[in-house]
Every structure is written in C-alpha cells, then in structure tokens.
Amino acid sequence: TAPREAAGLTVVITAGPTREPLDPVRYLSNHSSGKMGFALAAAAAALGARVLLISGPVALPTPAGVERHDVESAREMHDAAHRLARGCDLFIGCAAVADYRAETPAEHKLKKREGEHTLTLRLVKNPDIIASIAARDDRPYVVGFAAETRDLEAYARDKLARKGLDMVVANDVSRAGLGFGADDNAALLVWRDADGTDQRSLPPQPKSQLALAVVRQALARLRA
Ligand code: C5P
C-alpha cells in the first residue's frame, strides 16, 4: 500500500470552547461543540499523522489513533499548546477561545445580594494562543479559523496578517444549518503567498469531508 500523506508528521489541534471560572460553581463559555476540531483530528490521523488534540470541555468521543489532552481555561489551553507544539509540523487552532476571563475568580460561591440590581464583573484579556504559536522561533505551519457573517475574504486576509498565520479557514456562520453545532460546514481557505490571491472555496459538506480537504490543503502548502 502507498505511504499515507501525513506519515511522519505531528499535528497539534485545539478544539472546543474554553471555560473561564467566575467562582467555584460558575463559568463563562460559548456554544462551540468541538465537532470541527475533532473532525480535523480524525482526518489528520486517517492520513497517518501523529495527532495531539487539545480539547476544551465537549461531549465527543476521542477519534481513533488521536492523543487527547483535556483542558478547561484559555490559559490551560495556551500552556498545553506551547508544551505540545514544540517540534510539531502543523498547528491548527480550531478552538473557540474565550477572549476574556474574570480578573479574579471568587474563592467562594458568589451570593445574590439583596437590594442590589447589578453585579459588575471585571474581565481581563486572555492570551491569543494561535498568534503566540505563530510567533515562536520554531513555528510550525499555522492554520487558524475565522467565523464571520460577511466579507469572509477580507476578514480572513486581515486575520492571516494580524496573527501571523499561514492559512485561514473562514466559515460563514450566518448560513442556516452550517457552522456552530451543525454537522455540515462550508469554508473559504486563504493562505499567505506572493500576490495574496491564492484561495480555495469549499462548498457545504459534512465536517468530516471538509476537515479532510482542509488538512490536505495545509499539507500541500506546508510542503510547497
Ligand atoms: O480573533 P478570532 O477569535 O476571530 O480568531 C479565531 C482564531 O484564533 C481561531 O483559529 C482560534 O482558535 C484562534 N484564537 C486563539 N486564541 C484566542 C482567540 C482565538 O488561538 N485567545
């Protein structure tokens, strides 16, 4: 049998939401299902790569042949990403990382206060995981995701430049039945090249198929 496309390569993938504690029983998070990131992990493993999947809290089984590392907060995901990405060939940031966390999570459960109509939470910015991976001296090929509702290409190119990425997978989350929580997705892939015109549009299809197309395109670019 022919050697598989990704044999000998190590791929690190972040997936799912992060959970930012407010107190011992509450957190800030989002609706990311983790499906796309897990589909990418399954695809890369099927192509023969060694796959390290860093996952926030999701209700999904670990794909066959994938080494899974569970985390909760953005800072835990950041630390795991830097530890595991050392020497890897491809890093795909698919996680929906919380942009902010509570500055100081309460040590004890926050109590409802009589007579006060408002509660103020002070939030601080989380680290940008993918940008910090892309800034490393030993950087792998770095692929990011962008969920947009309009002007996909412009926002994707902006993200590519601003975060120092090699490729951006932009999906239109305004389209019914696609994106967040759905089983299907469509995407526009843009990557860094001499004249800034290289891109490929992937039509709506199951996330498993889309994941394979994304991983294949990334492998082709990183070898180019
Ligand atoms: O800036 P925005 O959240 O739109 O960028 C999305 C991309 O950046 C995704 O690839 C996501 O995984 C990554 N990201 C990250 N760390 C953050 C925020 C986003 O790695 N703190």
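The values are calculated or read from the model by the stated rules, or taken from the named source; none is laboratory data. Fair warning: this is a prediction, and the values are worked out from it, not measured in the lab. Cβ coordinates were reconstructed from backbone atoms using ideal geometry, including for glycine residues, and neighbour counts include every protein chain displayed.
Tabulated data
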item	result
Any hit, the stretch 99-113, residues being under 20 Å from the mean Cα position of the chain (by Cα), within 15 Å of the ligand (Cβ to nearest atom) and part of a strand (DSSP E or B)	yes
Enumeration of residues in the stretch 114-124 that are in a loop (DSSP other than H, G, I, E, B) and touching a strand residue (DSSP E or B) at 6+ places or on another chain (Cβ under 8 Å)	Leu121, Arg122
Count - residues of the stretch 164-194 that are at positive phi and within 12 Å of the ligand (Cβ to nearest atom)	1
Enumeration of residues in the stretch 27-62 that are in contact with a helix residue (DSSP H, G or I) (Cβ under 6 Å, 6 or more places away or on another chain), crowded, with 19+ Cβ neighbours inside 10 Å and not small (Gly, Ala, Ser)	Lys35, Met36, Leu40, Val51, Leu52, Leu53, Ile54
Neighbours by Cβ (under 7 Å, 6+ apart or cross-chain): first from the stretch 107-119, touching a residue at least 60 places away in the same chain (Cβ under 8 Å) and surrounded by 10 or more Cβ atoms within 10 Å (Cβ to Cβ); second aliphatic (A, V, I, L, M) and in a loop (DSSP other than H, G, I, E, B)	Lys109/Val25
Filter result for Ala80 (within 15 Å of Leu53 (Cα to Cα) and either among the acidic types (Asp, Glu) or in contact with a Phe, Trp or Tyr (Cβ under 9 Å, 6 or more places away or on another chain) (or both))	no
Residue in the stretch 125-133 that is assigned to a loop (DSSP other than H, G, I, E, B), free of Cβ contacts under 8 Å to residues at least 60 places away in the same chain and more than 8 Å from the ligand (Cβ to nearest atom) present	no
Strands (runs of 3 or more DSSP E) contained entirely in the stretch 1-83, each with at least 3 residues that are within 12 Å of the ligand (Cβ to nearest atom) and within 23 Å of Leu178 (Cβ to Cβ)	10-15
Among residues of the stretch 137-163, those that are within 13 Å of the ligand (Cβ to nearest atom) and under 14 Å from Ala85 (Cβ atoms), counted	3
Residue that is within 18 Å of Arg86 (Cβ to Cβ) and either touching a His at 6+ places or on another chain (Cβ under 8 Å) or charged (D, E, K, R) (or both), where the choices are Leu9, Leu52	Leu52
Filter result (of a type in the set (A, V, I, L, M) and in contact with a Ser or Thr (Cβ under 8 Å, 6 or more places away or on another chain)) within the stretch 138-179	Val173
Residues within the stretch 173-199 that are modelled with pLDDT of 85 or more, out of contact with any Phe, Trp or Tyr (no Cβ under 9 Å at 6 or more places or on another chain) and surrounded by fewer than 20 Cβ atoms within 10 Å (Cβ to Cβ), tallied	4
Selection from the stretch 84-98 of residues that are in contact with a strand residue (DSSP E or B) (Cβ under 6 Å, 6 or more places away or on another chain), part of a loop (DSSP other than H, G, I, E, B) and within 13 Å of the ligand (Cβ to nearest atom)	Ala85, Cys94, Ala95, Ala98
Residues of the stretch 114-159 classified as over 25 Å from Leu28 (Cβ atoms) and out of contact with any Gly (no Cβ under 8 Å at 6 or more places or on another chain), total	13
Unmet criterion (only one of (1) of a type in the set (D, E, K, R); (2) at pLDDT below 95; (3) more than 17 Å from Pro24 (Cα to Cα)) for Lys111	(3)
